[in-house]
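For reference, the structure is listed below as structure tokens.
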Ligand SMILES: Cc1cc2nc3c(=O)[nH]c(=O)nc-3n(C[C@H](O)[C@H](O)[C@H](O)COP(=O)(O)OP(=O)(O)OC[C@H]3O[C@@H](n4cnc5c(N)ncnc54)[C@H](O)[C@@H]3O)c2cc1C
Ligand code: FES
Ligand code: FES
């Protein structure tokens, strides 16, 4: 049953990272346990909740469904990479202003997913936002304020 | 997670030899949205992932006069994002845009959907009504199988040891044809089909049905091609009666089980409902 | 964003505004440390082996192969724990027998549900720990599982506990052992006479499935048992002190030897009050001398933690033609799960409370079954009980041709009424919610289109108070460091700090709340029962009053005047008598704070409160649905939640609680269920098949906060977290009936259930 280790070279939040992963590690486990990026959360470990969502080569993926070994050469962006120093991104600010988080465990996944949405669709409809974020579960907010935060970040007027 | 190793193949030949060396526990890894879950839950004995998505011929979409070719590991988002697929094969958009959520679609492939061979797979009925051919490579060379003959039982298919799927090919759509896939789930996203269905049909100038194919899923050990439903349609005007007859044929073909996702009676009933709805909506697209 | 204060809060400077929460930045940057994020030097990873059977005797457990695996440092089973005394311990949601608490943490001689823990492993990494689980050999003797509350109550049903006897109404115990742990009853008036007066009587039976809290963060617990015998616990819990008390009792340590640090918590809704992993981590740490972190995966969470009770309920209600309800009889049988302690009592208390019904009889039964031990879930017991009563009330209104809100209004409980459970109502917002709902744009609108329907329902929850603590240190910069014991699940740092700021007359941003460990603040009860903003706010208020007094004293000392002549104003100016030249003596909070270090030292305000009162909460919800008759699927078209929040301290977080409660209530109404096969195997233990609403399943949720300040709180707070989960299910049921004419009798009202009630016919 013994497992071996692999060296992985990739770019995480703009920084070159070389790390040693257990061959059995998912990207989620590698980010949290090997690199210390614990902003990436585990809610289900099988693709059902979106808490572990990261951006990989320009697309959002569930990091629990990516093997760490697959990430050789990949560009990865996590919640830790959203702010520019102490300048929060517009989405991060919108989440705070709209009170779009309660417990906050789902927030990193929502932020990464919503950022990717706005990059490819800067003016989404409410339905498009809901559809894009349907793989991210939030149990606290009923989604209302999350949707509004995304609308605010998209520059739409929010009532 | 099982003690599983990882190897990245860069060519078809390399993948074949990795799969052969790995033996029974070796599995192709495309998007990983099924197979990583299975290895983690230790539901299947998996000891080696052979990552096939870096093989050039397994990724990408190619349109030609003969039709369409999709690399087996091409992720769903590329498929539904392709302009010509949107115009010529909208039924593939139907399927690919509802497998999992956005993040799943960033990785999940039609090849993986097919090879996972779940009775409830949302890609397979669409492939069946589009008359897709499955291109297979293996230690004994290449072969091609009609998609409706591919799955043999839940989680099982015709692939032999060392074989894997390289491409899916589709004939060019005939003029006047339209196709639609629908599934029923209790939520609006992120759910496995209780029942699903796909219909492709071609209409004559007078509105009667020239040709049709109907497929239903999650109602039998494999997705079904319902020949009787097509027979009920072909040569008939698209009347309520015709559509009802096709729905009856689907209900008759359905042979589901009861589980946490649906009951036998519910599934049989839905096979009829979805057959009707896909016929109507395929006809709208054909018009 | 609405930023204006409501008329009720305009008198305040801070209360009623919407400042950014103090812990917000950490939570949008990923810096916040939740329980599973913790890394300690030398830390080991642990995993738990769980029973594959719902009901079995454990014949033997052989851990030797697991222990021999390279990288495994310890394996523990129930027998490794100190023998638990047969006595009660405070569990944060009441009390429970200590032996049963331990047996639920790790099974002793018997497993009582699929997923029941039987052994735990600590290893150098979690992959190895998981491998080790496969090497533990457990021999079971299978027993027949008891899976339904009614089956469990039948004489001759297989017994879960040979030692369990029914506690009867008079305090006596049944002679023979039973799965029914207790029977309670509330009565009022003359039930038979009440029904005789009625022109119309409706009786309905209901069944509801177990449903899980569904917090997105799974459980975790880290322990470090130090060589000196002290034990540090780090965990995502709703109550650090109850964890301390339970762990110390289970490990036979003194409370002072155990320190619990509450980590950030990713949701709880009541489900993170019990201890599951903490005692296992403690024992593994003791055995290995190293910190041990245990985490659950999602399947374990669904199998072995939480849910709320499945039920069988029967309600009979009678009314006169004019809509006056004359009598109501309620029978509630609640599944407790494997050990006694369902929330049937709270359900019974709430079931008819919104209405002043002269003749009532409410019976409740707490029944054990081979399913996970239930835990509190948002207004525990009330969503089920009020689903039954509200549903029958809606049907009565329909039968009588009355507007359901009018009928409610004419029977509504008001100040001065007392419930059947003996709870007297003071100033309450029951009627206010109903009238606000009547006047809402939603209720006033027309609903058009086929297969669409509208439903309404009322909800009631009593809320609780109890112990909270707050320490505030005035810093030289004129700001306050506030120390709290309540874990912050939904913005309570903000709402408590705001009450301190209001009392001191300073800005919300000048208060810096921290949630600290059990050695650093006074005893604080769980974040739950909608108590945190209420009791925590009260503690903050008293803490601020203490600071005000001390600041005034200090000014008096500096000015060398009599203390009685100095006053702390609500504008944060401290004023004394005029000086010899007739100039006013005054100093601002900030200026005085700057002088503290040189005028006698810093000031710390303190308050420890224990409130037995609370402010009851009411809500009225309106929902529009569309039903797909061919598939049985229900789409929520529009939703309005009206709720009396008392004073809304931070309205955005009040709205958030309302919206979140609605989402959970809609989930319970439509799709969430525990799906067991006949062997007691939970077949849908994943978030794919345990179907909680996604963003695509809900519309925007309109909120209407009614503010009827609670006279029993310095700022009129009532507590808002729980009541909004209650009305959704009965409101959705009424809307479905309105749409397609079918009255559902079960939860969830899933597409399958609706098809079976319509097109497919019953089984
Ligand atoms: C949260 C979630 C939601 C989902 N929702 C849906 C849904 O709505 N509808 C649905 O149909 N499915 C759903 N799925 C299942 C899954 O996402 C799909 O089946 C997906 O299409 C699988 O593709 P993949 O590329 O990820 O396959 P992989 O996991 O990489 O592979 C699947 C299987 O096929 C084999 N395989 C892959 N590629 C090849 C190949 N080219 N040749 C031979 N064998 C191959 C693998 O070895 C494995 O056995 C969901 C999964 C998750 C986790
Ligand atoms: S943890 Fe990856 S999707 Fe839930
Ligand atoms: S804020 Fe708690 S899960 Fe979303």
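The values are calculated or read from the model by the stated rules, or taken from the named source; none is laboratory data. No experiment lies behind these values; they were computed from the predicted model shown. Note: ideal-geometry Cβ built from the backbone for every residue, glycine included; neighbour counts use all protein chains shown.
I need the full set of residues from the range B:163-185 which are in a loop (DSSP other than H, G, I, E, B), modelled with pLDDT of 95 or more and under 24 Å from residue B:199 (Cα atoms), in order please. Once the filter is applied, which keeps residues that are in a loop (DSSP other than H, G, I, E, B), modelled with pLDDT of 95 or more and under 24 Å from residue B:199 (Cα atoms), the range B:163-185 yields B:172, B:185. The listed residues are A:102, A:151, A:98, A:92, and the only one of them that is within 23 Å of residue B:97 (Cα to Cα), at pLDDT 95 or above and either in contact with a helix residue (DSSP H, G or I) (Cβ under 9 Å, 6 or more places away or on another chain) or within 16 Å of ligand 3 (Cβ to nearest atom) (or both) turns out to be A:151. Name the one entry in C:220, C:179 that is touching a residue at least 60 places away in the same chain (Cβ under 8 Å) and either under 22 Å from the mean Cα position of the chain (by Cα) or surrounded by fewer than 16 Cβ atoms within 10 Å (Cβ to Cβ) (or both). Every option except C:220 fails the conditions. Output the residues belonging to the range B:75-103 that are outside any strand (DSSP E or B), within 26 Å of residue B:12 (Cβ to Cβ), within 9 Å of ligand 1 (Cβ to nearest atom) and in contact with a strand residue (DSSP E or B) (Cβ under 8 Å, 6 or more places away or on another chain). B:76, B:95 - these are the residues of the range B:75-103 that are outside any strand (DSSP E or B), within 26 Å of residue B:12 (Cβ to Cβ), within 9 Å of ligand 1 (Cβ to nearest atom) and in contact with a strand residue (DSSP E or B) (Cβ under 8 Å, 6 or more places away or on another chain). Checked against (1) at pLDDT below 95; (2) surrounded by fewer than 21 Cβ atoms within 10 Å (Cβ to Cβ); (3) closer than 26 Å to residue B:43 by Cα, residue B:190 passes all but condition (2). Within the range C:247-288, the set of residues being without any contact (Cβ under 8 Å) to a residue 40 or more places away in the chain and outside any helix (DSSP H, G or I) comprises C:253, C:254.
Of all residues in the range C:496-524, those that are surrounded by 23 or more Cβ atoms within 10 Å (Cβ to Cβ) and over 14 Å from residue C:544 (Cβ atoms) total 4. The residues on offer are C:215, C:224, and the sole one that is modelled with pLDDT of 95 or more and within 16 Å of ligand 3 (Cβ to nearest atom) is C:215.
Looking at the range B:121-162, the strands (runs of 3 or more DSSP E) lying wholly inside it that each contain 1 or more residues that are touching a residue at least 40 places away in the same chain (Cβ under 8 Å) and away from ligand 3 (no atom under 16 Å from the Cβ) sit at B:133-138, B:151-153.
Every residue, every condition in (1) buried (at least 18 other Cβ atoms within 10 Å of the Cβ); (2) within 16 Å of ligand 2 (Cβ to nearest atom); (3) farther than 25 Å from residue B:263 by Cβ, yes or no:
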position: B:125; (1), (2), (3): yes, no, no
position: B:130; (1), (2), (3): yes, no, yes
position: B:147; (1), (2), (3): yes, no, yes
position: B:155; (1), (2), (3): no, no, no
position: B:162; (1), (2), (3): yes, no, yes
position: B:172; (1), (2), (3): no, no, yes
position: B:181; (1), (2), (3): yes, no, no
position: B:197; (1), (2), (3): yes, no, no
position: B:204; (1), (2), (3): no, no, yes
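Checking residue C:655 against (1) facing chain A (nearest Cβ under 9 Å); (2) in a loop (DSSP other than H, G, I, E, B), only one condition comes out false. Which one? Unmet for residue C:655, out of (1) facing chain A (nearest Cβ under 9 Å); (2) in a loop (DSSP other than H, G, I, E, B): (2). When C:46, C:24 are checked against the criterion of being touching a helix residue (DSSP H, G or I) at 6+ places or on another chain (Cβ under 8 Å), at the interface with another protein chain (Cβ under 8 Å from one of its Cβ atoms) and modelled with pLDDT of 95 or more, a single residue qualifies: C:24.
Consider the range A:22-43 and keep the residues that are more than 17 Å from residue A:81 (Cα to Cα) and either in the same structural domain as residue A:132 (by TED's automatic domain parsing) or buried (at least 24 other Cβ atoms within 10 Å of the Cβ) (or both). The one that is nearest to ligand 3 (Cβ to nearest atom) is A:43. If only residues of the range A:3-21 that are surrounded by fewer than 16 Cβ atoms within 10 Å (Cβ to Cβ) and touching a residue at least 12 places away in the same chain (Cβ under 8 Å) are counted, the one that is nearest to the other protein chains (Cβ to nearest Cβ) is A:4. For the range B:87-102, indicate whether the set of residues that are surrounded by 24 or more Cβ atoms within 10 Å (Cβ to Cβ), within 13 Å of chain A (Cβ to nearest Cβ) and within 16 Å of ligand 3 (Cβ to nearest atom) is non-empty. Looking for residues that are surrounded by 24 or more Cβ atoms within 10 Å (Cβ to Cβ), within 13 Å of chain A (Cβ to nearest Cβ) and within 16 Å of ligand 3 (Cβ to nearest atom), one finds at least one in the range B:87-102, hence yes. You will find that of C:456, C:414, the residue that is within 26 Å of the chain's Cα centre (by Cα), surrounded by fewer than 17 Cβ atoms within 10 Å (Cβ to Cβ) and either in contact (Cβ under 8 Å) with a residue 60 or more places away in the chain or part of a loop (DSSP other than H, G, I, E, B) (or both) is C:414 and no other.
Total residues in the range A:134-159 satisfying the condition of being away from chain B (no Cβ under 13 Å), closer than 22 Å to residue A:47 by Cα and in contact (Cβ under 8 Å) with a residue 40 or more places away in the chain: the figure is 2. Of the residues in the range C:618-628, none is more than 16 Å from ligand 1 (Cβ to nearest atom), free of Cβ contacts under 8 Å to residues at least 40 places away in the same chain and over 24 Å from residue C:310 (Cβ atoms). Does the range C:148-166 contain any residue that is in a loop (DSSP other than H, G, I, E, B), touching a residue at least 24 places away in the same chain (Cβ under 8 Å), out of contact with any strand residue (DSSP E or B) (no Cβ under 6 Å at 6 or more places or on another chain) and within 30 Å of residue A:30 (Cα to Cα)? The answer is no, given that none of the residues of the range C:148-166 is in a loop (DSSP other than H, G, I, E, B), touching a residue at least 24 places away in the same chain (Cβ under 8 Å), out of contact with any strand residue (DSSP E or B) (no Cβ under 6 Å at 6 or more places or on another chain) and within 30 Å of residue A:30 (Cα to Cα). Of the residues making up the range B:253-279, those that are free of Cβ contacts under 8 Å to residues at least 40 places away in the same chain, in a helix (DSSP H, G or I) and closer than 21 Å to residue C:629 by Cα are B:264, B:265, B:269, B:272, B:276. Cβ-Cβ contacts under 6 Å between residues 6 or more apart (or on different chains), taken from a first residue in the range C:419-444 that is in a strand (DSSP E or B) to a second residue that is surrounded by fewer than 17 Cβ atoms within 10 Å (Cβ to Cβ), are listed as C:424/C:418.
The residues in the range C:372-403 that are assigned to a helix (DSSP H, G or I) and touching a strand residue (DSSP E or B) at 6+ places or on another chain (Cβ under 9 Å) can be counted, and the count is 18. As a summary of the residue check, residue C:660 satisfies the conditions (1) farther than 18 Å from residue C:459 by Cβ; (2) facing another protein chain (nearest Cβ under 7 Å) except for the one numbered (1). When residue C:298 is tested against (1) surrounded by 24 or more Cβ atoms within 10 Å (Cβ to Cβ); (2) farther than 30 Å from residue C:427 by Cβ; (3) within 16 Å of ligand 3 (Cβ to nearest atom), just one condition goes unmet, and that condition is (1).
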